[in-house]
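Engineer: Got a structure here, written out as structure tokens. Questions coming.
Read the figures in this text as sums done on the coordinates, not as results from a lab. Bear in mind that the values here come from a model prediction, so they are computed numbers and not experimental data. A quick note on method: Cβ atoms are made from the backbone with ideal geometry, for glycine too, and the neighbour counts reach across all protein chains shown.
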Amino acid sequence: MCPRFNRGLFVAKAQEKLHNIAMARVISICNQKGGVGKTTTAVNLGSYLAAKGRKVLLVDFDPQANASSALGHDHNKNLPSVYHGILNMVQPEEVLRPTQIFNFHYVPAAPHLAGALVEFVDTPEREYFLRKFLHQLRHKYDYILIDLPPSLSLLTVNGLIASDEVLIPVQAEYYSLEGLGQLLETINLVQGNLQHPLKVAGALVTMYDKREHLSREVAKNLRRHFPHYVFATEIPRSVALAEAPSFSLPILLYRPDSPGALAYRRLAEEIIGQEKGLISKEEVLSSRDFGNFNI
């Protein structure tokens, strides 16, 4: 006897195959410590990837919504945000917003995203809300960047589960190094307990000043001990990078000739180089003593 044809299952599998034809590389930008340049990296890396011909979506998943503000989002208009998207209150396309750069879109956040922490607590598969939302958009983009909050909360876990890789900005100071071990433990838990093959795209040194001994030592120790790739690009301290968000512009449009702009252009080239296989994304160094720095 022939098995009964399940049209719904057939359509679902066909749609999944279609989505897998061209899927975006999803990279979360994460560090539990605040003020290390996560949002600055998300906004400016996204703008340079788009300038190099890639279709890019930036998802602001931080209730502070700084990435949204940096791209000119008007929070007073009460437009749908990522909060409405992950709860299926609107269609995914309704929360997409254009930027001033061709092929660079964003999904804004809003303060009430913080309420999701409470709403999700007793919800089945609460770690997968963002992943399910982005699955409907992955075939439209080459890169999806997720700006995560500076904490290890349920929002952060949602972002990691939705991602293929994580990029870790590390400020060139001693205290930034101390929290990295805990973040790597969280990534290991996501890989093991939730069976998600999350990779580390690399660590990125930010707020670097080559004139300062501490900056040089932090970068040197990070490259020596961090058990994953460390980007060759170092993001310098830059007045222009700090000023650009106040004008609601990425550095590409505000001061494209500044050292910070040139650094993010090089970072975009490194990311694209990883995609082309020119730069390894695998572990390049392993150290059991990671976290034991002598500066």
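Engineer: Could you sort out which of Lys55/Lys220; Lys140/Lys276; Lys77/Lys199 sit more than 29 Å apart by Cα distance in this structure?
Structural biologist: In this structure, Lys55/Lys220; Lys77/Lys199 exceed 29 Å between Cα atoms.
Engineer: A further question follows. When a/c is below 1.5 the answer is rounded, else prolate if a/b is larger than b/c, else oblate, so apply that to the range 141-199 with a ≥ b ≥ c taken from the square roots of the Cα gyration tensor eigenvalues.
Structural biologist: Oblate shape, in that a/c is at least 1.5 and b/c is the bigger or equal ratio.
Engineer: Kindly write out, for the range 92-106 in residue order, the coupling ³J(HN,Hα) from the Karplus curve 6.51 cos²θ - 1.76 cosθ + 1.60 (θ = phi - 60°), rounded to whole Hz, with x marking Gly and Pro.
Structural biologist: Values, residue by residue: x, 5, 6, 9, 6, 10, x, 9, 7, 10, 4, 6, 10, 10, 9 Hz.
Engineer: Could you please rank Thr123, Thr186, Thr206, Thr156, placing first whichever residue has the fewest other Cβ atoms within 10 Å of its Cβ?
Structural biologist: Least crowded to most crowded, the residues run Thr123, Thr186, Thr156, Thr206.
Engineer: Could you tally the net charge around Ala110, taking each other residue with its Cβ under 15 Å from the Cβ of Ala110, Lys/Arg +1 and Asp/Glu -1?
Structural biologist: -4
Engineer: Note down the net charge around Gln32, summing +1 for each Lys or Arg and -1 for each Asp or Glu among other residues with Cβ under 12 Å from its Cβ.
Structural biologist: Net of charged neighbours comes to 0.
Engineer: On to the next question. What aspartates and glutamates could a cross-link reach from Lys33, if we take a straight Cα to Cα line under 16 Å and drop same-chain neighbours fewer than 8 places away?
Structural biologist: By straight Cα distance, Lys33 reaches Asp62, Asp147, Glu173, Glu178, Glu185.
Engineer: Lys and Arg at +1, Asp and Glu at -1: add these up for the other residues within a Cβ distance under 13 Å of Asp60 and post the number.
Structural biologist: 0
Engineer: Sticking with this one: As a test of the formula, what do you get for the chain when each DSSP H run with n ≥ 4 contributes -39,500 (n - 2.57) and the sum is divided by the residue count, at 222 nm and rounded to the nearest 500 deg cm²/dmol?
Structural biologist: Taken over the chain, the calculation gives -11000 deg cm²/dmol.
Engineer: Run through the range 67-143 and list the trypsin sites (Lys or Arg not before Pro) located in a DSSP loop whose Cβ has at most 12 other Cβ atoms within 10 Å.
Structural biologist: Loop-located and lightly packed - none at all.
Engineer: Could you list His213, His112 so that the one with the fewest beta carbons within 10 Å of its beta carbon is first and the one with the most is last?
Structural biologist: Exposure proxy ranking, most exposed first: His213, His112.
Engineer: Let me ask something else about it. Out of the trypsin sites (Lys or Arg not before Pro) in the range 170-276, which ones are loop residues according to DSSP with at most 15 other C-beta atoms within 10 Å?
Structural biologist: Here the trypsin sites (Lys or Arg not before Pro) that fit, given the DSSP loop and packing criteria, are Lys210, Arg211, Lys276.
Engineer: Over what distance in Å are the Cα centres of the range 31-86 and the range 178-234 separated?
Structural biologist: 22
Engineer: Please check the chain for the longest run free of chymotrypsin sites (Phe, Trp or Tyr not before Pro) that are loop-located per DSSP (anything but H, G, I, E, B) and have at most 15 other Cβ atoms within 10 Å.
Structural biologist: The reported range is 103-295.
Engineer: May I ask for the percentage of alpha-carbon pairs in the chain that lie more than 28 Å from each other?
Structural biologist: Summing the P(r) of the chain above 28 Å gives 36 percent of all pairs.
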